[in-house]
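As structure tokens, the structure follows; a few thoughts come after it.
The values are calculated or read from the model by the stated rules, or taken from the named source; none is laboratory data. In this text the structure is predicted, and so the values were computed from the model without any measurement. Neighbour counts run over all protein chains shown; Cβ positions are idealised from the backbone, glycine included. Surface accessibility is based on the protein's heavy atoms, side chains included, excluding ligands, DNA and RNA. Shrake-Rupley method; radii C 1.70, N 1.55, O 1.52, S 1.80 Å.
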Amino acid sequence: MAFDSLAELLAMGRHGPYVWSAWGISLGLLGLSLLLVWRESRQVRRMLRRQLKREVAAQSEWAEGTGAGAVSRKLNESRDGSAAERVEKNES
């Protein structure tokens, strides 16, 4: 279908307002959908980045002996003495 002028193209035989509003609404909804997906992906990436930082920090604390396991070992040693002291007590 060919139109002689831009005005005829926009009017589309008096159906222009319906056609162009449908195009506008469709493009607007697609744009909104893309925006929401983009925002959600940013939030997920931020959450994963924070979680990864926490896991790396926990692993480094554990490797340095300052994690929860090291704390419980220190508490047990302070209550019962070190393993070497316990062996000395048993030998004497």
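Here are the numbers for the structure shown:
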| read-out | value |
| --- | --- |
| Pair ARG14, ARG50: separation of 7 Å Cα→Cβ label points (nm) | 5.9 |
| ³J(HN,Hα), Karplus 6.51/-1.76/1.60, whole Hz, each residue of the range 6-20, x for Gly, Pro | 5, 5, 5, 5, 5, 6, 6, x, 6, 9, x, x, 6, 5, 6 |
| Gain upon complete extension [GLU40, ALA22; 0.36 nm per residue less C-alpha separation] | 3.8 nm |
| Solvent-accessible area per residue for the range 1-67 (1.4 angstrom probe, square angstrom) | 91 |
| Gyration tensor (Cα) of the range 6-56, equivalent ellipsoid semi-axes in angstrom | 46, 7, 4 |
| Carbon + sulfur, % of accessible area of the range 1-63 - ligands and nucleic acids excluded, 1.4 Å | 67 |
